[in-house]
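Q: Please read through the structure below; I'll follow up with questions.
The values are calculated or read from the model by the stated rules, or taken from the named source; none is laboratory data. Bear in mind the structure is a predicted one, so any value in this text is a computation, not a measurement. Methodologically, a virtual Cβ is constructed for each residue, glycine included, from the backbone with ideal geometry; neighbour enumeration extends over all protein chains shown.
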Amino acid sequence: MCSRVWFVTDRRISQEYPQVQILRALKQRCAEEDVEFRSLLMDEIVLTISDGQLGLRVEQEVVTSYPQVAVVRVPTPWVQSDSDITVLRHLEKMGCRLINRPQAILNCVNKFWTFQELAGHGVPLPDTFSYGGHDNFRKMIDEAEPLGYPVVVKNARGHRGKAVFLARDKHHLSDLCHLIRHDAPYLFQEYIKESHGRDVRVVLVGGRVIGSMLRCSTDGRMQSNCSLGGVGMMCPLSEQGKQLATEVSNILGMDVCGIDLLQLNDGSFVVCEANANVGFIAFDQACGMDVAGIVADYALSLLPSRLTRKMSLLSVVSSTSETSSEPEVCPVPAGGGSLPEAVCNMSVGSTSSETSAPALPDLSGLPGLPDLPDPAYNFNTLLANEIKLLTE
């Protein structure tokens, strides 16, 4: 059976760095591995049900060759259940393995939905309130008082640090009520003072941490997003931080994601946000990585032909290593499949022996961020070749 991989994205974000780089990496990997590849925009896909069977049409032509795996990039804040999620559900119902799955994307569309999913799992979260109804922001001025002041106010569908405020007192909240847009609910969140203006962005692929970046505000504001002028730098992450990010990724069912952590004075972390459509231009710059290449490697590893070969390989390895010590097992990503060994072994700036919390770097005299890697450069090539030697 011919292996097929699709890349599906939204027209509004198709020319942004992450989508361009993932498209480039998928084209390259599929050409190298003799895998059929196709790239589509969400609005090009027509969903059909004919004779009781699901189908697809593109540009007035019936699609006869369906993908086994599809990498999906949709703008999370604008995702609509009646359009975007409908397309993804259709593909999933047809047997396509999506990265990320529709439910995982929905878990991150609304920041409060994310916390609803994480609650009850022992995950450390800031105390957070929200509300039902279309316009109950004013009601929350009194209801959120137990959180204390200052209090963090966020649009539940905000992104890139936008529509986030730090309210000093009730009068400030009242002023905000007249200024903000009420197209989505807001959440009111406990203020973590010791993490003001900084957080740790952890990027995971296939349930495995591939790297972490400290993000810091440069103008005193609470948000540390690089899109708002913050700076990012590679930083080590403690085992507790890695385990927390991995647990969050697994609970939310995500294959590729960014988890933002706030660090307390004692070195422990609390979860700030989770991103199903994580941007990585600043991450690539700060960590010298090629996230798109890692995502492409992971996507191809989920193809049925690759999984079959890996199972055969694992059987051989298992039968010949019964007398050896048990190796570290790479965790199974959400929804099955396995992460390529090359990706499993990646952990930027830390080792398995690290147990203490990392010391945050000194920001004084911070140099400019390095240039982006050459688009043709993929530092995973050597490791990917090693995988091919094992699976051929």
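Q: Residue by residue through the range 255-301, note down the ones that are hydrophobic (A, V, I, L, M, F, W, C), assigned to a helix (DSSP H, G or I) and closer than 23 Å to F37 by Cα.
A: Pass one, the range 255-301, residues hydrophobic (A, V, I, L, M, F, W, C): 256-257, 259, 261-262, 264, 269-272, 274, 276, 278, 280-283, 286-287, 289, 291-292, 294-296, 299-300.
This time we only want the ones that are assigned to a helix (DSSP H, G or I), so: 281-283, 286-287, 291-292, 294-296, 299-300.
Passing the criteria: V291, A292, I294, V295, A296, A299, L300.
The rows are residues; the columns are (1) surrounded by fewer than 18 Cβ atoms within 10 Å (Cβ to Cβ); (2) in contact (Cβ under 8 Å) with a residue 24 or more places away in the chain; (3) more than 18 Å from P102 (Cα to Cα).
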| residue | (1), (2), (3) |
| --- | --- |
| C2 | yes, yes, yes |
| F7 | no, yes, no |
| V35 | no, yes, yes |
| M42 | no, yes, no |
| G52 | yes, no, yes |
| V58 | yes, no, yes |
| V69 | no, yes, no |
| P77 | no, yes, no |
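Q: Still on this model: Consider G253 carefully, then state whether it is closer than 23 Å to A299 by Cα, in contact (Cβ under 8 Å) with a residue 60 or more places away in the chain and buried (at least 17 other Cβ atoms within 10 Å of the Cβ). Working first, answer last.
A: Details: closer than 23 Å to A299 by Cα: yes; in contact (Cβ under 8 Å) with a residue 60 or more places away in the chain: yes; buried (at least 17 other Cβ atoms within 10 Å of the Cβ): yes.
In short, yes.
Q: Kindly check whether there is at least one residue in the range 161-184 that is closer than 30 Å to A296 by Cα and either assigned to a loop (DSSP other than H, G, I, E, B) or in the same structural domain as S249 (by TED's automatic domain parsing) (or both). Step through it out loud before you land on a result.
A: Just the residues of the range 161-184 that are closer than 30 Å to A296 by Cα, to begin with: 161-162.
Still in the running and either assigned to a loop (DSSP other than H, G, I, E, B) or in the same structural domain as S249 (by TED's automatic domain parsing) (or both): 161-162.
The answer is yes, given that some residue of the range 161-184 is closer than 30 Å to A296 by Cα and either assigned to a loop (DSSP other than H, G, I, E, B) or in the same structural domain as S249 (by TED's automatic domain parsing) (or both).
Q: Another question, if that's okay. Only one of these conditions is not met by S227: (1) under 24 Å from M289 (Cβ atoms); (2) modelled with pLDDT under 85; (3) in a loop (DSSP other than H, G, I, E, B). Which number is it?
A: Every condition holds for S227 apart from (3).
Q: Sort out for me the strands (runs of 3 or more DSSP E) sitting completely within the range 48-128 that have 3 or more residues that are out of contact with any Ser or Thr (no Cβ under 8 Å at 6 or more places or on another chain).
A: Numbers: elements: 53-58, 69-73, 97-99.
Strands (runs of 3 or more DSSP E) meeting the threshold: 69-73, 97-99.
Q: List pairs: first residue in the range 203-214 and under 10 Å from G258 (Cα atoms) and assigned by TED's automatic domain parsing to the domain that holds G293, second residue buried (at least 24 other Cβ atoms within 10 Å of the Cβ) and polar (S, T, N, Q) anywhere in the structure, Cβ distance under 9 angstrom, at least six positions apart or on different chains.
A: V203/S212; L204/S249; V209/S249
Q: Do we find a residue being surrounded by fewer than 13 Cβ atoms within 10 Å (Cβ to Cβ), modelled with pLDDT of 80 or more, over 24 Å from A274 (Cα atoms) and of a type in the set (D, E) anywhere in the range 166-174?
A: At the first step, the residues of the range 166-174 found to be surrounded by fewer than 13 Cβ atoms within 10 Å (Cβ to Cβ) are 168-169, 171.
Now restrict to residues that are modelled with pLDDT of 80 or more: 168-169, 171.
Cutting the leftovers down to over 24 Å from A274 (Cα atoms) gives us 168-169, 171.
Then drop every residue that is not of a type in the set (D, E), which leaves 169.
For the range 166-174, residues surrounded by fewer than 13 Cβ atoms within 10 Å (Cβ to Cβ), modelled with pLDDT of 80 or more, over 24 Å from A274 (Cα atoms) and of a type in the set (D, E): present.
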